[in-house]
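Visitor: Sharing a structure, written as C-alpha cells. Questions coming.
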Amino acid sequence: MEVEGLKGKAAELAKSLIPEKLPVHVAVIMDGNGRWAKKRGLPRVKGHERGARTLRKVVELSAKLGIKYLTAFAFSKENWNRPREEIDFLMNLLRNYLKKEVKTLKKNGIRLKIAGDIEELPEDIQNLIRKAEGETSSGQRLELILAVNYGGRAEIVRAAKGMAGEGEFSVDAFRRHLYLPHVPDPDLLIRTSGEQRISNFLLWQMAYTELYFTPVLWPDFSEREYIKALLDYQRRERRFGRI
Ligand code: IPE
Ligand code: IPE
Ligand code: MG
C-alpha cells in the first residue's frame, strides 16, 4: 500500500503491505533504551528521551496505516524497583508527553487511553491523564493506549475481584473487568532489544497474539523496522485452534 509521507526503503517495503491483512491491535514492549544509551557512553535517561521520539513515529505511522489500537508498555509495576532518579525521569517524560502531545493527537484523530493503576501515580499526573483522555476522546482514527504502572497479574487479580463482586464467572464476565474492556485482544506483539519474554504485559489478552521479537533497540526502531514486523505478521497463518 502507499503510505503518505514515507520515503526510501520504508516506502518500498510498505508497497507489500496488504491493508486487509494488517493487525487491528498492535502491542509493543518498548525495550532497550538503557542499552542504547550505554552503547554510546550516555546516561540511561538519554535512551528514554530517544525512545519517546520513536514512540511518536510509531504512533503516527500506525494511524496512517489504519491500525485501530496501539498499546505501548511505558512503565511496569516492576519498574518501581529502578533507581529513584530514573523513575523520576520517566515520570517527567510522561508528564511532558501528556502536556505536549495532546494537540498533535487531537489533530491526527488519535484518542489516548491509559491502562494500569493510575491512582498510584503522582496526583498531578493523574489529573493530566484525565485531561488528556477527555480532550482526545473523540478521535476516531487510532486508539493509543499507554500501559503505565501496568502489570498483567495485577490486572488479572483486579478483574477476578470485579467478577466475584458481580457473581458471574465466565470469560466474558472476566473481560468486562479488564482496565479497557472495549479493546480487542492484540493481534501482534512486538518486543525490541532481543529479549524474548513477556515481562508481565497483557497476560490474559495475549492468548492468541502473534509474537515478534527483534534485536533492534527501541530508540533505533524505525518506520522500516515496524513495517518489517507487519510484513512478518502478514505471512503468518493464524489458526485459533482450528485446522
Ligand atoms: C525500556 O528500556 C523502557 C522502560 C522499561 C521504561 P529499558 O530501560 O528497559 O532499557 P534496557 O532494557 O535497560 O536496555
Ligand atoms: C518491560 O521492560 C517494561 C517496559 C518496556 C515498560 P523491562 O526492561 O522492564 O523488562 P525486563 O525487566 O527486562 O523483563
Ligand atoms: Mg529493559
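The values are calculated or read from the model by the stated rules, or taken from the named source; none is laboratory data. Quantities reported herein were computed from a predicted structural model and do not represent experimental measurements. Positions of Cβ are backbone-derived with ideal geometry, glycine not excepted, and every protein chain shown enters the neighbour counts.
Visitor: What's the number of the only condition in (1) buried (at least 18 other Cβ atoms within 10 Å of the Cβ); (2) under 17 Å from the mean Cα position of the chain (by Cα); (3) farther than 26 Å from E20 by Cβ that H177 fails to meet?
Guide: Every listed condition holds for H177 apart from (2).
Visitor: Is it fair to say A159 is assigned to a helix (DSSP H, G or I) and free of Cβ contacts under 8 Å to residues at least 40 places away in the same chain?
Guide: no
Visitor: Any idea how many residues of region 10-30 are assigned to a loop (DSSP other than H, G, I, E, B) and either closer than 12 Å to G66 by Cβ or among the aliphatic types (A, V, I, L, M) (or both)?
Guide: So the answer is 6.
Okay, residues lined up against (1) within 17 Å of the chain's Cα centre (by Cα); (2) among the charged types (D, E, K, R); (3) buried (at least 17 other Cβ atoms within 10 Å of the Cβ):
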{"site": "Q205", "(1), (2), (3)": "yes, no, yes"}
{"site": "L211", "(1), (2), (3)": "yes, no, no"}
{"site": "L217", "(1), (2), (3)": "yes, no, yes"}
{"site": "E223", "(1), (2), (3)": "yes, yes, yes"}
{"site": "I227", "(1), (2), (3)": "yes, no, yes"}
{"site": "D232", "(1), (2), (3)": "no, yes, no"}
{"site": "E237", "(1), (2), (3)": "no, yes, no"}
{"site": "G241", "(1), (2), (3)": "no, no, no"}
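Visitor: Select from region 73-116 the residues that are assigned to a helix (DSSP H, G or I), β-branched (V, I, T) and either within 13 Å of ligand 1 (Cβ to nearest atom) or within 17 Å of the chain's Cα centre (by Cα) (or both) and list them in ascending order.
Guide: The answer is I87, V102.
Visitor: I'm trying to understand the selection: among the residues of region 214-243, which are within 16 Å of ligand 1 (Cβ to nearest atom) and polar (S, T, N, Q)?
Guide: Listed by number, the list holds a single entry, T214.
Visitor: Do we have G32 as at positive phi, surrounded by 13 or more Cβ atoms within 10 Å (Cβ to Cβ) and either at pLDDT below 95 or within 11 Å of ligand 3 (Cβ to nearest atom) (or both) here?
Guide: In short, yes.
Visitor: Given the condition surrounded by fewer than 19 Cβ atoms within 10 Å (Cβ to Cβ) and within 12 Å of ligand 2 (Cβ to nearest atom), answer yes or no: does some residue in region 96-106 qualify?
Guide: No, region 96-106 contains no residue that is surrounded by fewer than 19 Cβ atoms within 10 Å (Cβ to Cβ) and within 12 Å of ligand 2 (Cβ to nearest atom).
Visitor: Please specify each residue of region 169-203 satisfying the condition of being of a type in the set (G, A, S) and either assigned to a loop (DSSP other than H, G, I, E, B) or under 19 Å from H25 (Cα atoms) (or both).
Guide: Passing the criteria: S170, S193, G194, S199.
Visitor: Tally up the residues in region 117-154 that are basic (K, R) and under 17 Å from the mean Cα position of the chain (by Cα), please.
Guide: Count: 1.
Let's see how each residue does on (1) β-branched (V, I, T); (2) in contact with an Asp or Glu (Cβ under 9 Å, 6 or more places away or on another chain); (3) closer than 17 Å to T192 by Cα:
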residue: L42; (1), (2), (3): no, no, no
residue: V45; (1), (2), (3): yes, yes, no
residue: K68; (1), (2), (3): no, yes, no
residue: F73; (1), (2), (3): no, yes, yes
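Visitor: Continuing with the same structure: Under 6 Å between Cβ atoms, at least 6 apart or on separate chains: pull out the pairs that start in region 8-21 with a residue that is under 15 Å from R235 (Cβ atoms) and end on any residue that is in a loop (DSSP other than H, G, I, E, B).
Guide: From residues that are under 15 Å from R235 (Cβ atoms), the pairs are L17/M1.
Visitor: Give the residues of region 47-63 that are surrounded by fewer than 18 Cβ atoms within 10 Å (Cβ to Cβ) and touching an Asp or Glu at 6+ places or on another chain (Cβ under 7 Å), sorted by residue number.
Guide: Selection gives K57 alone.
Visitor: Would region 187-195 turn up any residue that is within 16 Å of ligand 3 (Cβ to nearest atom) and touching a helix residue (DSSP H, G or I) at 6+ places or on another chain (Cβ under 6 Å)?
Guide: The answer is yes, given that some residue of region 187-195 is within 16 Å of ligand 3 (Cβ to nearest atom) and touching a helix residue (DSSP H, G or I) at 6+ places or on another chain (Cβ under 6 Å).
Visitor: Quick one: in region 98-147, which of the residues that are charged (D, E, K, R) and in contact (Cβ under 8 Å) with a residue 60 or more places away in the chain is nearest to ligand 3 (Cβ to nearest atom)?
Guide: Step by step, filter region 98-147, then rank; the result is K113.
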